[in-house]
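Have a look at the structure below, then the notes.
Bear in mind these aren't lab numbers, they're just calculated from the coordinates by the rules spelled out. All figures in this text were calculated on a predicted structure; none of them were measured in a lab. Neighbour counts are summed over all protein chains in view; Cβ atoms, including those assigned to glycine, are modelled from backbone coordinates with ideal geometry.
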Amino acid sequence: MITALAGGVGASKFLDGLNRAMPPEDISIIVNTGDDAEFFGVYVSPDVDIVTYTLAGIINRERGWGIAGDTFQALGMLAHYRGPQWFNLGDRDLATCLHRTELMRKGQSLSEITDEVRKALGVTSRILPMTDSHVPTTVLTADGPLHFQEYFVKHRFQIPITGLRFENIESARPAPGVIEAICGAEAVIICPSNPLISIGPILAVPGVRDLLKSTRATVAAISPVVGGASLKGPTDRMLAELGMEVSATQVAKLYQDLLDVYIIDEKDRESAEEIERLGIKVVVTQTVMSGPAEKLALARATIRAVKSER
């Protein structure tokens, strides 16, 4: 049994490989919900949907989000009424969000709805929102606070940041199934996601970080930083703006109290000794997932690494 902590495109690529490297029914995925927001009157859960669509085989692989072949007729019509829209939501993607919003208004929780949607789309692995509470990530800037989606999509992460805040996180509780997924796992894998705004919110849910520190499972992470840069998204930019080194080693330090195993790319081999001095076993392999073969190879290498620690 493997439990993964996930958020964003990098995680979904790895999970695609993991689902082909082992029985999908033996995988539980705890997904970041700090990116969640309401747009056009519907509740959007971007990371949950990216993971679900990827494992259902319907993700738009070029964009990394949304549904392959989707149209944007509804968004185009909205533009007639509201003017230009900065948040894109395809027609079939909108259907998912409409369904989610309707069920939430009827009293169902995000975790219940997520489980229903993944089953309807034929996904075998369990997908668990990190919490059923609404805990949006706020990006702090010199110009004032921004919801993560404003920072990421509207401003294309070009505004320098000064900090992060996870709203309402102190009162949040792990969603049903999250604690069991961690405690019942043989291994927990932190996917190659942004450690600050994809994995950070999951670890900030009260009790989750402590569970990972105390679990008997092997805890591993895959570095999202390769050769001093992130392959996609603002990880490198955010680390630098918050005064941290942009390196695989820096990410290891953020997870230092949790990790047994850390997987880095061949380009960062020279960092292995420094990371191992933190008390973490390092595995060096090819981590850049340029296609299906590379996704599968990284998943298999990660499984071997966690098994070797059992």
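Name the residues in region 201-245 that are touching a Gly at 6+ places or on another chain (Cβ under 8 Å) and over 22 Å from LEU298 (Cα atoms), would you?
Step one: of region 201-245, the residues touching a Gly at 6+ places or on another chain (Cβ under 8 Å) are 201-202, 224, 231-233, 236, 242.
The answer is PRO201, ILE202, LEU242.
Being under 18 Å from VAL188 (Cα atoms), under 22 Å from the mean Cα position of the chain (by Cα) and surrounded by 14 or more Cβ atoms within 10 Å (Cβ to Cβ) is true of LEU254.
Scanning region 298-310 for residues that are crowded, with 17+ Cβ neighbours inside 10 Å and in contact (Cβ under 8 Å) with a residue 40 or more places away in the chain yields LEU298, ALA299, THR302, ILE303, ALA305, VAL306.
Quick check: is even one residue across region 7-18 in contact with a helix residue (DSSP H, G or I) (Cβ under 9 Å, 6 or more places away or on another chain), over 22 Å from ARG209 (Cα atoms) and without any contact (Cβ under 8 Å) to a residue 24 or more places away in the chain? No.
Among what's in region 258-293 and is touching a Gly at 6+ places or on another chain (Cβ under 8 Å) and touching a residue at least 60 places away in the same chain (Cβ under 8 Å), pick the residue that is surrounded by the most Cβ atoms within 10 Å (Cβ to Cβ). Working first, answer last.
Filtering region 258-293 down to residues touching a Gly at 6+ places or on another chain (Cβ under 8 Å) leaves 265, 267-268, 289, 292.
When the remaining residues are screened for being touching a residue at least 60 places away in the same chain (Cβ under 8 Å), the result is 289, 292.
On the way: MET289: 22, PRO292: 12.
Once the filter is applied, the top-ranked residue is MET289.
Against the conditions (1) in contact with an Asp or Glu (Cβ under 7 Å, 6 or more places away or on another chain); (2) closer than 14 Å to ASN194 by Cβ, SER45 satisfies every one except (2).
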